[in-house]
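Report on the following structure.
No value in this document is a laboratory result; all are computed from the given coordinates. Note that the structure is a prediction, hence the values are computed from the model and not measured. With ideal geometry, Cβ positions are generated from the backbone for all residues, glycine too; neighbour counts draw on all protein chains shown.
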Amino acid sequence: TIKSNYDSGNSAWLGFDHFEEIMTFGKYIGNIHIKDRLLHGTTVPLGTGNADFEKFFGALKTIGYRGSIIIQAARGEDGKEAETVAKYIKFVRGYINRYL
């Protein structure tokens, strides 16, 4: 079976609607990359860009998504990698607990 990867940041970068995209090709999604980006801009820390995580996780709930979720977020400050990763895990886990 061939599946696709859905990248929340790339869709936000292009200005696409997460709900519409996931509803359109949700059955083909094999895994998720959680990322946040500015519209036509760079990768930024989760929750600070144009990714609409409410719509995103709402759509995942609607399609009954149970696949993998990979955090592919902006790098933090050098030497503080553990704190950055912990912050991102907490961010994503909050949405998972509410929606999935």
query = Among residues other than Gly49 whose Cβ falls under 11 Å from its Cβ, what is the net charge (Lys/Arg +1, Asp/Glu -1)?
reply = 0
query = So what is the calculated 222 nm ellipticity per residue for the chain, using -39500 (n - 2.57) for each DSSP H run with n of 4 or more, over all residues, to the nearest 500 deg cm²/dmol?
reply = -13500 deg cm²/dmol
request  = Once you've got the GNM for the chain with C-alpha springs shorter than 10 Å, pick whichever of Tyr88, Tyr28, Tyr65 has the biggest mean-square fluctuation.
outcome  = Tyr28
remark   = Once the dipole of the chain is set up from charges on Cβ (+1 Lys and Arg, -1 Asp and Glu), the residue from the list Thr42, Leu60, Gly76 lying farthest towards its positive end is Leu60
remark   = Per the 1/(1 + (r/R0)^6) rule, R0 = 30 Å and r from the Cβ atoms of Lys61 and Thr1, FRET efficiency to 0.05 is 0.85
Neighbour cut-off at most 10 other Cβ (10 Å), DSSP loop, GluC sites (Glu not before Pro), region 1-92 = Glu77
message = Once you compute Rg and the Kirkwood Rh from C-alpha atoms, what is the Rg to Rh ratio for the chain?
response = 0.96
Top positive-direction residue, dipole computed over the chain with Cβ charges, set Tyr99, Ala86, His33 = Tyr99
query = What is the local net charge at Gln72, summed over the other residues whose Cβ is closer than 13 Å to its Cβ (Lys, Arg +1; Asp, Glu -1)?
reply = +1
query = Using a simple charge model, +1 on the beta-carbon of Lys and Arg, -1 on the beta-carbon of Asp and Glu, nothing else, what dipole does the chain show about its Cα centre, in debye to the nearest 20?
reply = 380 debye
